[in-house]
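The structure under discussion appears below in the form of structure tokens.
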Amino acid sequence: MSQEFSQNIDAFDEWKADIGRSLSRFRLWLRRNQLFEQDLDDRLYKLQESLKSEYLTLAFVGEFSRGKTELINSLFFSEYGQRILPSDAGRTTMCPTELFYDRKEARPYLRLLPIETRLEATTLTEYRNMPSQWTEVPLMTGSAQEMTLALYTITQTKSVSVAEAINLGFDESMLETSESDESKVEIPAWRQAQVSFPHPLFKRGLCILDTPGLNALGSEPELTLKLLPQVQAIVFLLGADTGVTASDMAIWENYIQTIDKENKLGLFAVLNKVDTLWDELSSRKKVDKAVKRMISTTARQLQIDPNQVIPVSAQKALVAKVKNDKSLLIRSQITELEHMLSVSLLENKENLISESVIENAQGLINEASHLLDNKNQRLIEQKAELESLTGESKVRVSALIESNKKDLQAFEHRIIAIKPSQRLLERQTQILLSTIGSQILSKEVELTLNELVNSKTTIGLFSNMKRFYLAINTIMRELTREAELTNKMALSLYNKFSTDFGMTLLEPKLFPAKRLNRELEEIIRQSKRLNNNIFTTFTEHSLAIRRFFSGTVTEVLEFFKGVRTELTSWTQNVIHPLTQQLKTQQKLIAEHRNELLELKKSRSNLDGKIKALKRLIEEIEMEKQTAQDFITSLEDKKPKPEQTNIVRISRATH
Ligand SMILES: Nc1nc2c(ncn2[C@@H]2O[C@H](COP(=O)(O)OP(=O)(O)OP(=O)(O)O)[C@@H](O)[C@H]2O)c(=O)[nH]1
Ligand SMILES: [Mg+2]
């Protein structure tokens, strides 16, 4: 892709490095202020690491033959001077293909997962970590011919009986009859392809997902449930030669509009093959008018704004790049598309990082800064005490030691007094965790499996599937109820803490039950749509059940696993500020006691001690300012929506 994209990635890397540096500085700051704790440091380290490992994924989706692969060729492989990925008339890309650079193995390869793996209960995600299950084809990146030949494997099909095809999850009406044997049908030979290629942009973390048309989207649940919702931007391809057809509409409505990313997804409707409207005998003006008309029809059909439909000619762009034909390149309008893709892709990633890293880090800094606030409060009180000693008698010091002793005792009492509430909250978080414990879920899954296996009819299968959804919803409701209770307890513990210890505290971060509910609803909604026809399509119930398990059930289990991890770290985070505050305060009182004891022996250095306290208070004030500066500088790094002019496809009103 263009130099501009490369420059934007440079800026993006610099932005990430900048955030990483801020976090490193904050980690040092914590050590300097004696606030270092392994647990907190680990959390910060994880945030820093998450900045490094991220891939940026751009998916190309649309009905077959709209030019997805041709567009990828012209965006990324024009340097080869020919088509590298197979793009032909008719169905070409037979399986979802990921193009990226494997930074771990650091070598080019083509890996293909045999279609038969669909019969196994293992998920695509699991297969990703099992290289031995994939067939590897060497990639000679130095030669265009060798590359083209190797990548042609992606288009391979095989002849199987109709029954076999159906069992593998294909819809019979979508398959072509085999040329060599009329009783057989052609199915893709592979389920998924991975191309590791040292393209400069792939090396920097860009990943491309090329997908086949409608048929494949329908038959590979993980593509719809998992791969697509995870990408940063989707290019939806349409052809100017066909206009928006019924199957284009089906993909748009079922697979794209349904992705709920709370508008965090860059989505582009690309009207490809505009060159089919070019006409040697018509004036450029007339052609432009025809393109405009087509764009407005397309926009109306997709219910989006016309300026959200981007016209392009992937084929002419490829030719123009290969032949270095500048005027054809301009006419192909590829540069405009490249610009939009590069900006949007990065902008979406920046938004995600902003939420997951920047906001988390700001929370931690705020917490630490609050701790210093309370610390200073106490130091100021102690300084006032020492100041009141000047010129006073020894008796006064003894009185202070006595009162300090009482302070410490009272403090320890209060710690003991608050323990039950703290333990109650800890126990409640355990209850919360147990509502989605792996045992409960395994039991549910086992039950579902038994009931499905014992179902004699398709209707029976359906009702048992429904029962699974209901059971999952009940578990989620239970979690939500317990989460509300937990949140209430956290709030009241924080309140009690503030009043008992006379310290201000930040509001506790509440457990995000609402968001998790939304996420699960989305998984169930997508699964229901996918599963609607699996029990009627599959001849053998056992295969249908297996598909239901490898798709929906696995997805639901993965979701709850994620919730458990989130919950565990939430639990630690909600208690942590309290224990940390108490520890710091207790230490201060104890240190003050030592000081007073020393003063009792000799008062000669009273002035020195007051001065030292004064300096310490000033230093802490400065450190607090530094913490505020960290927060502001991170705030400045957040992407500013008003600065970009990317068109986003607004969610059509349903
Ligand atoms: N005229 C014209 N033809 C194009 C253009 N882009 C692609 N094509 C042709 O359309 C056909 C299909 O292109 P592909 O890139 O294979 O389409 P696809 O969307 O990847 O199709 P599948 O892989 O089968 O899903 C090929 O013959 C391309 O040469 C274009 O901009 N203009
Ligand atoms: Mg293709």
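Quick note: the coordinates plus some simple rules give every number you see, no bench work behind them. Remember, predicted model here, so these are calculated numbers, not experimental data. FYI the Cβ positions are ideal-geometry reconstructions off the backbone, even for glycines, and counts take in every protein chain you see.
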Hey, which aspartates and glutamates would be in cross-link range of residue 583, C-alpha to C-alpha under 16 Å, not counting anything within fewer than 8 residues on its own chain? 37, 39, 367, 373, 407, 412, 500, 591
Full-extension gain between residue 632 and residue 568, please, as 0.36 nm times their residue separation minus the C-alpha to C-alpha distance. 20.1 nm
With each run of n ≥ 4 DSSP H residues scored as -39500 (n - 2.57), what mean residue ellipticity at 222 nm is computed for the chain after dividing by its residue count and rounding to the nearest 500 deg cm²/dmol? -20000 deg cm²/dmol
In nm, spacing of pseudo-spin labels at residue 576 and residue 612 (7 Å Cα→C-beta vector): 3.2 nm
Filtered hits (lysines, Cα-Cα < 23 Å from residue 528, offset >= 8 within chain) -> 226, 261, 443, 456, 466, 514, 561
Any chance you could list the semi-axes, whole Å, largest first, of the equivalent ellipsoid that the Cα gyration tensor gives for the range 54-332, using √(5λ)? 30, 23, 20
Any chance you could give the angle, 0 to 90 degrees and rounded to 10, that helix 314-323 forms with the longest Cα principal axis of the chain? 90 degrees
Packing-based order for 136-147, 479-490, using average beta carbon neighbours within 10 Å, highest first: 479-490, 136-147
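Above 51 angstrom, tally the Cα pairs of the chain and express them as a % of all pairs, no decimals.
Roughly 26 percent, rounded to a whole number.
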Quick check: the angle from helix 554-601's long axis to the longest principal axis of the chain, C-alpha only, nearest 10 degrees? 20 degrees
Check which residues have an amide H placed less than 5 Å from residue 56's amide H, if you skip close sequence neighbours. 206, 207
Would you mind counting up the charge near residue 591? Only other residues with Cβ under 12 Å from its Cβ, with Lys and Arg at +1 and Asp and Glu at -1. +3
Which ³J(HN,Hα) values in Hz, rounded to whole numbers, follow from the phi angles of the range 287-297 under the Karplus curve 6.51 cos²θ - 1.76 cosθ + 1.60, where θ = phi - 60° and Gly and Pro get x? 4, 4, 5, 5, 4, 4, 4, 4, 5, 6, 5
Working note, the range 390-602: Cα radius of gyration (Å, one decimal) and Dmax (Å, whole number) are 27.5, 98
Which log10 I(q)/I(0) values, to two decimals, does the range 1-115 give at q = 0.17 Å⁻¹ under the Debye formula with one point per Cα? -0.99
Quick one: which of 408-420, 370-382 comes out on top by average Cβ neighbours within 10 Å, and what's the full order, highest first? 370-382, 408-420
What dipole magnitude, in Debye to the nearest 20, does the chain give about its Cα centre under +1 on Lys/Arg Cβ and -1 on Asp/Glu Cβ? 1800 debye
Cα-projected label distance for residue 384 with residue 442, points at 7 Å along beta-carbon direction, nm: 5.9 nm
Could you pull out which residues in the range 58-100 have an amide N less than 18 Å from a spot 7 Å beyond the Cα of residue 335, following the Cα-Cβ vector? 74-76, 78-79
Out of the GluC sites (Glu not before Pro) in the range 595-633, which ones are loop residues according to DSSP with at most 15 other C-beta atoms within 10 Å? none
Could you pull out the trypsin sites (Lys or Arg not before Pro) across the range 578-626 that fall in loop regions by DSSP (anything but H, G, I, E, B) with no more than 10 other Cβ atoms inside 10 Å? none
If I histogram all Cα-Cα distances within the range 585-645 using bins 10 Å wide from 0, what percent of pairs lands in each bin? 18, 28, 20, 14, 10, 6, 3, 0
Can you tell me the order of 518-530, 228-240 when each peptide is scored by its average per-residue count of other Cβ atoms within 10 angstrom, highest first? 228-240, 518-530
To check you understand DSSP bridge types, tell me what percent of the beta bridges within the chain (both residues inside) are antiparallel, rounded to 5. 45 percent
Each label sits 7 Å from Cα toward the beta-carbon; between residue 278 and residue 362 the label points are separated, in nm, by 4.8 nm
Cross-link pairs 46/104; 46/587; 405/611; 488/509 - those with Cα-Cα distance over 22 Å: 46/587; 405/611
Only Lys, Arg, Asp and Glu count, each charged at its Cβ (+1, +1, -1, -1), so figure out the dipole size of the range 54-332 about its Cα centre, rounded to 20 debye. 1440 debye
Take every DSSP beta bridge whose two residues both sit in the range 54-332, then give the antiparallel share in percent to the nearest 5. 45 percent
Say the dipole of the range 265-357 comes from +1 at the beta carbon of Lys and Arg and -1 at that of Asp and Glu; which of 287, 343, 309 then lies farthest toward its positive end? 287
Among 397, 435, 464 the positive-end extreme of the charge dipole of the range 359-475 (Cβ point charges): 464
Does anyone have the angle between helix 359-387 and the longest principal axis of the chain? Alpha-carbon axes, 0 to 90°, nearest 10? 10 degrees
If the reach is capped at under 29 angstrom between alpha carbons, list the lysines near residue 286, excluding any in the same chain fewer than eight residues apart. 68, 273, 316, 321, 323, 326
Charged-residue dipole, Cβ positions (Lys, Arg, Asp, Glu), the range 433-530 about Cα centre, Debye nearest 20: 380 debye
Report the full-extension gain for the segment residue 602 to residue 430: residue separation times 0.36 nm, less the Cα-Cα distance, to one decimal in nm. 56.6 nm
Two-site FRET efficiency, residue 488 against residue 79, from Cβ-Cβ distance with R₀ of 45 Å, rounded to 0.05: 0.15
